[in-house]
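Right, one structure below, let's go through it.
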Amino acid sequence: MPIGTESYYQRPDIVKSPEEALALLKEGNQRFAAGQTLRQNVSEEKRNSLVANGQKPLAVIVSCSDSRLPPELIFDQGLGDLFVVRVAGNVLGPLTMGSVEYGVEHLHAPLLVIMGHNHCGAVKASVDGGDAPGSIGAIVARIKPSVDIVRSSGVEGDSIYDHVEDINIKAMVAEVQASPIIQELLHQGSLSIIGAKYCQETGKVTFFE
Ligand SMILES: [Zn+2]
């Protein structure tokens, strides 16, 4: 099969508007969910170009570390496209918040996505309680307020996991919105923040619009 650069996925070099970035992510996820992903350029030429010209990611993605949902795959993006912050339970702390702020303020990514997912082990651990040895407890503790909100709303049974996943995403959206650096970018209109949830069975990402 002939290999030519014309067959690679090529997004616009600079994506400045949050709307355009969101549209690119939606299109990429539709391709992924349909099993029609495009060929990504991982050539030496592309790598060198990104070093020489610098990275201009179209979005910052905060997502769970779960091995079943790599953002580059599920949004069908390539090298230099996504600035990804991954941590179990997609929760934020000082280090992860610093990464987020770097991506939007320094690299000028116009879109910030906080993405959770169904069947999240970190959420399940927080709901079920029990042993959380070592630093795992810190992750569980960050999700616990969302567990409390859902429990106090009277939700019972297995649907509690789904609800906590949703509330945890919304809680993290609220946390990034409280960052002064991010508030300034929102005020300028150069950044949008959106929550999202990935469904493992369908491969589809639902955006909380
Ligand atoms: Zn997870």
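The values are calculated or read from the model by the stated rules, or taken from the named source; none is laboratory data. What you see is a predicted model; the values in this text were computed from it and never measured. Cβ coordinates were reconstructed from backbone atoms using ideal geometry, including for glycine residues, and neighbour counts include every protein chain displayed.
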**Q.** Condition met for CYS199 (within 20 Å of the chain's Cα centre (by Cα), surrounded by fewer than 18 Cβ atoms within 10 Å (Cβ to Cβ) and within 16 Å of the ligand (Cβ to nearest atom))
**A.** yes
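Residues of the range 107-119 being within 20 Å of MET97 (Cβ to Cβ) and within 13 Å of the ligand (Cβ to nearest atom), which ones? Walk me through how you get there before you give the answer.
The first filter runs over the range 107-119 and keeps only residues within 20 Å of MET97 (Cβ to Cβ), leaving 107-116.
Selection gives ILE114, MET115, GLY116.
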Q: Hand me the list of helices (runs of 4 or more DSSP H) wholly inside the range 130-209 holding 1 or more residues that are charged (D, E, K, R) and closer than 19 Å to MET115 by Cβ.
A: 136-152, 159-177
Q) Say we look at the range 90-101 and pick out the residues that are out of contact with any strand residue (DSSP E or B) (no Cβ under 8 Å at 6 or more places or on another chain) and in a helix (DSSP H, G or I); which of these is surrounded by the fewest Cβ atoms within 10 Å (Cβ to Cβ)? A) PRO94
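I'd like the full set of residues that are of a type in the set (Gly, Ala, Ser), under 22 Å from the mean Cα position of the chain (by Cα) and outside any loop (DSSP other than H, G, I, E, B), limited to the range 37-75. Spell out how you get there, then give the answer.
To start, the set of residues in the range 37-75 that are of a type in the set (Gly, Ala, Ser) comprises 43, 49, 52, 54, 59, 63, 65, 67.
Applying the additional criterion that residues be under 22 Å from the mean Cα position of the chain (by Cα) yields 54, 59, 63, 65, 67.
Result: ALA59, SER63.
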Q: Note down all Cβ pairs under 8 Å where the first residue falls in the range 50-69 and is at negative phi, the second is of a type in the set (D, E, K, R) and loosely packed, with under 14 Cβ neighbours inside 10 Å, and they're at least six residues apart or on different chains.
A: LYS56/ASP13
Q) How about the range 121-151: which of its residues are more than 13 Å from VAL91 (Cα to Cα) and of a type in the set (D, E, K, R)? A) LYS124, ASP128, ASP131, ASP148, ARG151
Q) Do we find that SER67 is polar (S, T, N, Q), within 16 Å of the ligand (Cβ to nearest atom), modelled with pLDDT of 95 or more and out of contact with any strand residue (DSSP E or B) (no Cβ under 7 Å at 6 or more places or on another chain) in this structure? A) yes
(Q) If ALA125 satisfies all but one of (1) more than 16 Å from the ligand (Cβ to nearest atom); (2) over 19 Å from ILE181 (Cα atoms); (3) in a helix (DSSP H, G or I), what's the number of the condition it fails? (A) (1)
